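The next block holds one structure in the form of structure tokens; read it before the comments.
The values are calculated or read from the model by the stated rules, or taken from the named source; none is laboratory data. Predicted, not measured: the structure shown is a model, and the values here were computed from it. So basically every Cβ, Gly included, is an ideal-geometry build from the backbone, and we count neighbours across all protein chains shown.
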Ligand SMILES: [Zn+2]
């Protein structure tokens, strides 16, 4: 689970992800480090577009060296990208990447925010980005973030002055950062926000530049740097035992689904920021120059500072508990200041430091991992005072419920107190799921109806336990999320969020079901119990023209978590047709229609995502030749499942054990996306694959990226082929068939321009831009305003067989049930068989 060792390296007190995780134990040095941060009253906001855009070196430097509160505002959650570690795509990938960002912030100590913008995929220009996003809305979210967080300095990752030179989302993030810098202080802008917050004017806006933006290191050397600040982000933190860049590498390495795992670096390293707005500091290493970042910044703060600076300067590493009386005194003073912004921010931080100094262990762990509205759950409480100061546990309650236990008991030194609470889950308690996915959004925006959630990285935990303690005469409330703690023999102790789920959820095995002919299919509906002894009925909603043999079926499931599969025979209509199928579940008089997706990786807390349980059903008139397909798995795609849907038998080929001759039994071999990038062994087996083609085989290679292992691409094809970064991102971009007589567009399915209707996200990516004359380009397409691109589908005969290279996004289109893409893929798999078909015709 999320018990990754990063926490041992650096614990970030105020940036605790909202979700459940292992309670943190702080060493004296870590408490001291947090004190340094507590005593700095300044804020930096870093702005970019995606998970992984952020410069963790700079974020970590601002957080841990400058000690500023540092927040990364990622406009999107990165739904549009690819996934190197699992099957999650689109909104589920957004959930995974959100958690990877939170994991990164746990390492570097920063905080995380988002807007409602949806990463709809690659965009070549900010104009297009702004058209697809609701620009006013996204800008409003950036303005709101500034008004809420009150940053002194804003740092854009990207240059707002160079539209078209990078991903449109990138430039847009910088443009919106520049606009919002001024608008946040304008009371006429987004005035509806001002009921809940004030205007705010940040002092400086920077652009986090580097030599890369100058074209080369040489250009950068020569460039005028009078407007640039230079920061050495390679500093060493003795209290943490690491260099800043080591923390940064570890933070970046949390972006595992993007393949960002990297080795760490150490030593002096310069980072540059260019002043865009505000006054240029005289000290070219100090972003906060002229800004009061001491406790004197707030009314009544000087007295707090006097105490806390003294604690910091005279910190007792042997016995931090000796500082409790002073810390409690500072807490009381802080409670009485008028400045809500800093009070709300610094109070929980100070309380965490008090907990750390007192060696207090407070935990609320639910017996079960999940519950449902109407249930009663046992919550185990552990309270332990390890430093032995005079502390009374007054009461424990669960916020938002009537669950409360009054105690008034002294916590004796190192004498563990265990209590049991009965938590009654109210009938109207919301199910736990990412809040931005609760309503249906648009291509460019999430819909969030609850204003208070907009911007938050994740849904707040279902329940929080409140420990009321009296320390040195002062009563203080400490909040801890209710989590679920358990163990596995092969993993040890594990923590996961305690979640509220429906009594029953349902799911289809496949998101898309293809009916390649008029035959009925058995469709399994998997029902998962969210409680013990659940029973009810299940039926299907079908599009017009589709029929099921039974309207409803009764079910009963004994054990929570158990899955029962019900089979429905579905009869497709005679003609081509597509639509959505969904289950209708009735349990105890209530209707349910959600599926539960769990995302469980060791570097993030387990995620429970509730989405509408629906699947696309497609009746296709598709022809195909051949039966057995060999598949070489690359970075992960669902092409094999899709091919099985239309009746192929797909066999996974174990690359390590490819031997001469064994491939000949396949009618075609398909290479999964980015296989040459991620499967090292493949380059050694390439001669065997070429031999297979030479002997009459049919090899289909899907896209690989050009930027890694470039040298390897000399032998990716039997003839010369140069991969480029050419892509066509508009999924509606017109497609012209330029090799009209080629078998690929005629056998066994006749492909027309209409087969490119209804594609999703993009046409394709990393098209070759140069190829030798043996190749025939089949299609031509381009994004608006760009030159024609003919490299999306290339085919060359080699020996007795055929070699196909395609950057078309079949890995997106087939799982989305796009009929034209299925027909074209069936033609690729059937290539070479047209000769046999013609011979048979002649033989008659
Ligand atoms: Zn990006």
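Kindly state which strands (runs of 3 or more DSSP E) lie completely within segment 41-151 and contain at least 3 residues that are in contact with a strand residue (DSSP E or B) (Cβ under 6 Å, 6 or more places away or on another chain) and away from the ligand (no atom under 16 Å from the Cβ).
By residue number, 43-48, 69-74.
Can you pull out the residues in segment 152-178 that are more than 16 Å from the ligand (Cβ to nearest atom) and either within 21 Å of residue 111 (Cβ to Cβ) or touching a residue at least 24 places away in the same chain (Cβ under 8 Å) (or both)?
Hits for segment 152-178 are 152, 153, 154, 178.
Checking the conditions here, which among 590, 627 is within 27 Å of residue 539 (Cα to Cα) and surrounded by fewer than 20 Cβ atoms within 10 Å (Cβ to Cβ)? Talk me through it step by step, then tell me what you get.
Numbers: 627 fails: within 27 Å of residue 539 (Cα to Cα).
Exactly one residue qualifies, and that residue is 590.
Being touching a residue at least 24 places away in the same chain (Cβ under 8 Å) and within 30 Å of residue 682 (Cβ to Cβ) is the filter here, so list the residues in segment 598-621 that pass it.
Step one: list which residues in segment 598-621 are touching a residue at least 24 places away in the same chain (Cβ under 8 Å), which gives 599, 601-621.
599, 601, 602, 603, 604 - these are the residues of segment 598-621 that are touching a residue at least 24 places away in the same chain (Cβ under 8 Å) and within 30 Å of residue 682 (Cβ to Cβ).
Could you run through segment 646-679 and say how many residues are under 27 Å from residue 87 (Cβ atoms), part of a helix (DSSP H, G or I) and free of Cβ contacts under 8 Å to residues at least 24 places away in the same chain?
Residues of segment 646-679 under 27 Å from residue 87 (Cβ atoms): 646-658, 663, 666-679.
Remaining after also requiring part of a helix (DSSP H, G or I): 655-657, 663, 675-678.
Filter again for free of Cβ contacts under 8 Å to residues at least 24 places away in the same chain, leaving 657.
So the count comes out to 1.
Could you pull out the residue among 231, 256 that is touching a helix residue (DSSP H, G or I) at 6+ places or on another chain (Cβ under 9 Å) and modelled with pLDDT under 95?
When all the criteria are applied, what remains is 256.
Looking at 220, 206, 181, which is the one that is without any contact (Cβ under 8 Å) to a residue 40 or more places away in the chain, away from the ligand (no atom under 16 Å from the Cβ) and not in a loop (DSSP other than H, G, I, E, B)?
Criteria check complete, one pass: 220.
What's the number of the condition residue 172 fails, among (1) under 25 Å from residue 285 (Cα atoms); (2) buried (at least 17 other Cβ atoms within 10 Å of the Cβ)?
It is condition (1) that residue 172 fails.
For residue 343, indicate whether it is touching a residue at least 60 places away in the same chain (Cβ under 8 Å) and in a helix (DSSP H, G or I). Break it down into steps so the answer makes sense when it comes.
Working: touching a residue at least 60 places away in the same chain (Cβ under 8 Å): no; in a helix (DSSP H, G or I): yes.
When the stated conditions are applied, residue 343 does not pass them.
Kindly evaluate residue 455 against the criterion of being farther than 22 Å from residue 613 by Cα and at pLDDT below 95.
no
Quickly run through segment 542-563 and pick out the residues that are assigned to a strand (DSSP E or B) and under 30 Å from the mean Cα position of the chain (by Cα).
Residue satisfying the conditions is 563 alone.
Restricting to segment 223-237, name every residue that is touching a residue at least 60 places away in the same chain (Cβ under 8 Å) and part of a strand (DSSP E or B).
231, 237
Does residue 822 satisfy the condition of being surrounded by fewer than 23 Cβ atoms within 10 Å (Cβ to Cβ), at pLDDT 95 or above and out of contact with any strand residue (DSSP E or B) (no Cβ under 6 Å at 6 or more places or on another chain)?
No.
For residue 548, are the conditions met, namely being touching a helix residue (DSSP H, G or I) at 6+ places or on another chain (Cβ under 9 Å) and modelled with pLDDT under 95?
no
Output the residues belonging to segment 680-701 that are part of a loop (DSSP other than H, G, I, E, B) and crowded, with 24+ Cβ neighbours inside 10 Å.
Matches in segment 680-701: 697 only.
Sort out which residues of segment 56-70 are touching a helix residue (DSSP H, G or I) at 6+ places or on another chain (Cβ under 6 Å) and farther than 21 Å from residue 32 by Cα, and write them in order of number.
56, 57
Let me spell it out: the conditions are (1) surrounded by 19 or more Cβ atoms within 10 Å (Cβ to Cβ); (2) touching a strand residue (DSSP E or B) at 6+ places or on another chain (Cβ under 8 Å), and residue 268 meets all of them except one. Which number is the exception?
Against the list (1) surrounded by 19 or more Cβ atoms within 10 Å (Cβ to Cβ); (2) touching a strand residue (DSSP E or B) at 6+ places or on another chain (Cβ under 8 Å), residue 268 comes up short only on (1).
If we only count strands (runs of 3 or more DSSP E) wholly inside segment 718-830, which ones have 3 or more residues that are in contact (Cβ under 8 Å) with a residue 12 or more places away in the chain and over 25 Å from residue 644 (Cβ atoms)?
On the way: elements: 721-728, 735-737, 764-771, 779-781, 793-798, 801-806.
Fully inside segment 718-830 and qualifying: 721-728, 735-737, 764-771, 779-781, 793-798.
Within segment 271-319, track down each residue that is within 25 Å of residue 247 (Cβ to Cβ) and surrounded by fewer than 13 Cβ atoms within 10 Å (Cβ to Cβ).
Hits for segment 271-319 are 283, 285, 313, 317.
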